[in-house]
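Here's the structure we're looking at; comments come further down.
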């Protein structure tokens, strides 16, 4: 049986820590006695968030996860000034407004992949030797979007499917070292990212309405953080919230062909796709 991980006194690095799930994750880790390196590209929001936390137990680092050298520098500085990293939470992510592949700005597609996929690798890779040496833990934040229909959101969903595979590969490759990995799958989390995409954008709201209850139920960032930190302590290979998404994940090979066929034949969806393609191009 995999040993548990006592977070007291451990140092955890969290990206996307200025708000939403990342900030809630930092609070939850601090509550378990960990010390936290807060990383985000938004300096003003990050410093404002840090003011709500214990200054003696946090290290603030402004960096963009797409900048490989900057992320390596964060690791070097925090390790020297704050202590070696025991836990990494690769959480930073973005999503564009809904668009079809045909009408997508490919620069925007590239940006999503750069943050969500390459940014996760830039976060994790420089920590791996230390994580292995210390028997630490990595959380790779994927999404239920990794196995959901990609209608109108192919960039985000492709990035999260790729991140899922990175997390799975890491878990297999590190198993013999004692270091462990959790892949986190969230459904709809009630963050600014979700509200901008699914509430404030009329076409995004129509995409969201395609999911029936309870699949469209949202969880709070605090809930997502709490279940993830418990997974860290258990060194669980995966965590899914809301739990119904775990059933979907387990049955994806059966369910997805049926869902795809329903979408292909659904006239409401056809109209939505037409409206998405008539949307004015969105600059990244």
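The values are calculated or read from the model by the stated rules, or taken from the named source; none is laboratory data. Please read these numbers as outputs of a predicted model, since none were measured by experiment. Note that each Cβ is placed from the backbone with ideal geometry, even for glycine, and that neighbours are counted across all protein chains shown.
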- Candidates 99, 55 - the one that is farther than 21 Å from residue 221 by Cβ and in contact with a helix residue (DSSP H, G or I) (Cβ under 7 Å, 6 or more places away or on another chain): 99
- Task: Could you please find all residues in region 1-45 being without any contact (Cβ under 8 Å) to a residue 24 or more places away in the chain and over 22 Å from residue 95 (Cα atoms)?
- Result: 1, 31
- Filter result (in contact with a helix residue (DSSP H, G or I) (Cβ under 8 Å, 6 or more places away or on another chain) and either surrounded by fewer than 19 Cβ atoms within 10 Å (Cβ to Cβ) or free of Cβ contacts under 8 Å to residues at least 24 places away in the same chain (or both)) within region 221-235: 222, 226
- Message: Anything in region 105-116 that is surrounded by fewer than 20 Cβ atoms within 10 Å (Cβ to Cβ) and in contact (Cβ under 8 Å) with a residue 24 or more places away in the chain? List them, or say none.
- Response: 105, 107, 108, 109, 111, 113, 114
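Give me a count of the residues in region 171-187 that are surrounded by fewer than 20 Cβ atoms within 10 Å (Cβ to Cβ) and outside any loop (DSSP other than H, G, I, E, B).
Filtering region 171-187 for residues surrounded by fewer than 20 Cβ atoms within 10 Å (Cβ to Cβ) gives 171-178.
Imposing the further condition that a residue be outside any loop (DSSP other than H, G, I, E, B) reduces the set to 171-177.
Number satisfying all stated conditions: 7.
Which of the residues spanning region 137-146 are in contact (Cβ under 8 Å) with a residue 40 or more places away in the chain and under 14 Å from the mean Cα position of the chain (by Cα)?
Hits for region 137-146 are 138, 139, 140, 141, 142, 143, 144.
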- Note on the structure: Of the residues in region 1-37, those that are under 15 Å from the mean Cα position of the chain (by Cα) and not in a helix (DSSP H, G or I) number 7
- Checking residue 22 against (1) crowded, with 24+ Cβ neighbours inside 10 Å; (2) in contact with a helix residue (DSSP H, G or I) (Cβ under 8 Å, 6 or more places away or on another chain), which single condition isn't satisfied? (2)
- Across region 89-146, what is the number of residues that are at pLDDT 95 or above, in contact with a strand residue (DSSP E or B) (Cβ under 9 Å, 6 or more places away or on another chain) and more than 23 Å from residue 26 (Cβ to Cβ)? 0
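When you go through 216, 256 one by one, which is the residue that is under 20 Å from the mean Cα position of the chain (by Cα) and more than 20 Å from residue 168 (Cα to Cα)?
Step by step, each of 216, 256 is checked, and only 216 is under 20 Å from the mean Cα position of the chain (by Cα) and more than 20 Å from residue 168 (Cα to Cα).
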- Message: Just to be sure before I move on: is residue 77 over 23 Å from residue 237 (Cβ atoms) and either modelled with pLDDT of 95 or more or out of contact with any strand residue (DSSP E or B) (no Cβ under 9 Å at 6 or more places or on another chain) (or both) in the structure I sent?
- Response: yes
